[in-house]
1. Being among the small types (Gly, Ala, Ser) and surrounded by fewer than 17 Cβ atoms within 10 Å (Cβ to Cβ) narrows it down to one residue among Ala34, Ala48; which is it?
2. When the range 51-77 is examined, which residues are found to be touching a Leu at 6+ places or on another chain (Cβ under 9 Å) and either at pLDDT below 60 or within 27 Å of Trp6 (Cβ to Cβ) (or both)?
3. I'm checking my understanding of the structure. Among residues of the range 14-50 that are in a strand (DSSP E or B) and of a type in the set (Phe, Trp, Tyr), which one is modelled with the highest pLDDT?
Amino acid sequence: MNTLAWCPRCNREWNGHLECHCPTCHLLFNNIDAFDRHRRRNVCLDPATELRRDGEPAFQPVRRKSGETWGLSGTRDTLPEFLARRNMEVSVNDR
């Protein structure tokens, strides 16, 4: 695996350009939306137990080359879909 980032405290490596590592709880998230959703008032929420308003799980575990990450439930969390939600363009090299 070509490592782009590494955490010396938990030894976690990741290589996704959109993946976000939390320096507090040391969990890895698929993108900034999932990372932001797990932080409330400077406290980390447990993605395994966090629920949406409708009572469904807020997060889903996603297996990646870098290991297990957490994504928002009901999203595919792929680069083109994430950027489309952010109204950003996708270059051919990013697909």
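The values are calculated or read from the model by the stated rules, or taken from the named source; none is laboratory data. No experiment lies behind these values; they were computed from the predicted model shown. A quick note on method: Cβ atoms are made from the backbone with ideal geometry, for glycine too, and the neighbour counts reach across all protein chains shown.
1. Ala48 is the lone residue from the list that is among the small types (Gly, Ala, Ser) and surrounded by fewer than 17 Cβ atoms within 10 Å (Cβ to Cβ).
2. Phe59, Gln60, Arg64, Ser66, Gly67, Glu68, Thr69, Trp70, Asp77
3. Phe29
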